[in-house]
Amino acid sequence: MLGVGEMNWPASVTIKEVGPRDGLQNEKVFVSTEDKIAWINQLSGTGIPSIEITSFVNPKWIPALADAVEVATGIERMPGIIYSALVPNRQGLERALEADVDEAAVFMSASETHNQRNINKPLRATFPILSEVAQEALAAGKSVRGYVSTVFGCPYEGPVSIDEVIRVAETLFEMGIGELSLGDTIGIANPKQVQDVLDILLKRFDAKKLALHFHDTRGTALANILVSMDMGITTFDASVGGLGGCPYAPGASGNVASEDLLYMLDAMGIHTGVNREKLLSAARFIQEKIGRELPSRNLQAGSLNG
Ligand code: HMG
Ligand code: MG
């Protein structure tokens with residue numbers, strides 16, 4: 001077994017901010033369109049290279065993001081930043097193209113029951129829908145990102161077969177996605193399991209095309225990120241304030257907080273290009289709008305150096 005000093009750390013890591021989408025989709029409080037826009041504009045000023053700004057799903061399913069078009073057309077676009085959004089189907093893509101997002105993020109699960117509860121379709125019926133979205137988004141000059149949820153466990157079925165994860169991942173790559181984000185939807189993964197899963201996946205997929213998306217429900221997200229980095233992964237999704245959760249995955253709480261991840265990477269000398277003070281300020285802003293203490297440790301610690 002390797003000691004911490006013998007692990008392989010990358011020189012730089014890409015943090016993808018998913019707070020405006022994953023963070024807000026599960027909140028009871030409706031953050032006003034104006035506040036969402038102001039918050040995303042702040043995030044654009046932090047140096048973060050990619051922001052998932054909203055979701056073009058059915059607003060009846062996710063009322064918190066019903067203002068997707070207004071948000072996407074209201075924000076200032078900073079050159080060099082990828083403004084991404086979730087797109088479940090053709091109807092969502094039409095709205096996403098109208099709002100001119102840079103990237104469509106298609107999503108599905110590796111487990112049948114979560115897929116059914118989340119997007120109202122069995123797995124086999126989901127593939128052709130996402131394939132059409134990917135094809136049309138690419139034809140419109142957009143990049144396409146893929147998500148596979150419940151990689152490390154399903155809230156309804158428990159353990160998920162790695163063969164199902166591989167099948168979904170291969171099919172999404174065949175559709176033309178540029179990157180696949182592996183979702184620990186309910187924050188159940190542990191570092192040993194992450195090693196085992198990546199060991200298998202990295203025999204088939206390039207580490208540069210994989211991202212990890214850890215929810216921090218049980219406090220294991222940073223440990224999981226450490227082993228992922230050791231295995232060559234350099235892209236991680238995170239959410240300012242530690243906001244987040246899937247309304248169709250009982251018990252799923254927030255993503256790893258972007259500022260907690262950044263604190264760790266900065267302290268380890270791993271480059272991200274993100275300014276911690278500005279990120280904390282964006283976290284404070286959204287905490288105030290949500291009106292409750294968010295789970296981020298660095299937000300509660302208060303001081304930059306503490
Ligand atoms: P459906 O009800 O099966 O859709 O929803 P349908 O095609 O049968 O249409 C039914 C109605 O929905 C129609 O309206 C459509 O117009 C409307 P009606 O005639 O009844 O008035 N509709 C839409 N409206 C607006 N935009 C659309 C759209 N599509 C249909 N795009 C659908 C299927 C997928 C849309 C629905 O199930 C849905 O919106 N689900 C959302 C689920 C969701 O957003 N979950 C959270 C995100 S995933 C996640 O958090 C995991 C992730 O973070 C990774 C991880 O952590 O693992 C990504
Ligand atoms: Mg998520």
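Within segment 13-170, count lysine pairs with alpha carbon atoms under 21 angstrom apart where the residues are 8 or more positions apart or belong to different chains.
Values: K16/K36; K16/K142; K28/K36; K28/K60; K36/K60; K60/K121.
Here the count comes out as 6.
The residue list L93, P49, S296 was ranked by how far each Cα lies along the charge dipole of the chain toward its positive end, using unit charges on Cβ atoms, and S296 comes out on top.
Volume of the convex hull of segment 25-161 (Cα atoms only), normalised per residue: 117 Å³. In terms of overall dimensions, the C-alpha atoms belonging to segment 91-205 reach 42, 29, 22 Å along their principal axes, ordered largest to smallest. Between amide H atoms placed 1.01 Å from N, distances below 5 Å from T14 occur with T235, F236, all of them 5 or more places distant or on a separate chain. Amide H to amide H, with H built 1.01 Å from N, S55 comes under 5 Å of L86, counting only residues 5 or more places away or on other chains. Quick check: Cα centre of segment 191-212 to Cα centre of segment 252-306, how many Å? Using only Cα atoms, the two centres lie 26 Å from each other. Derived scalar couplings between HN and Hα for segment 273-280 equal x, 9, 8, 5, 5, 5, 5, 5 Hz in order, rounded to whole Hz, by the Karplus curve 6.51 cos²θ - 1.76 cosθ + 1.60 (θ = phi - 60°), x for Gly and Pro. If every alpha-carbon in the chain counts as one equal scatterer, what log10 I(q)/I(0) does Debye give at q = 0.09, 0.11, 0.16 1/Å? Listed by q, the Debye log ratios stand at -0.39, -0.59, -1.38.
Among 173-179, 232-238, 271-277, the peptide with the highest mean count of other Cβ atoms within 10 Å heads the list, and the full ranking is 232-238, 173-179, 271-277.
Each Lys and Arg Cβ is given +1 and each Asp and Glu Cβ -1; about its Cα centre, segment 37-94 then shows a dipole of about 120 debye.
None of the figures in this text is laboratory data; all of them are computed from the coordinates on show. Since the model is a prediction, treat every value here as computed from it, not as a measurement. Using ideal geometry, Cβ is built from the backbone for each residue, glycine included, and neighbour counts are taken over all protein chains shown.
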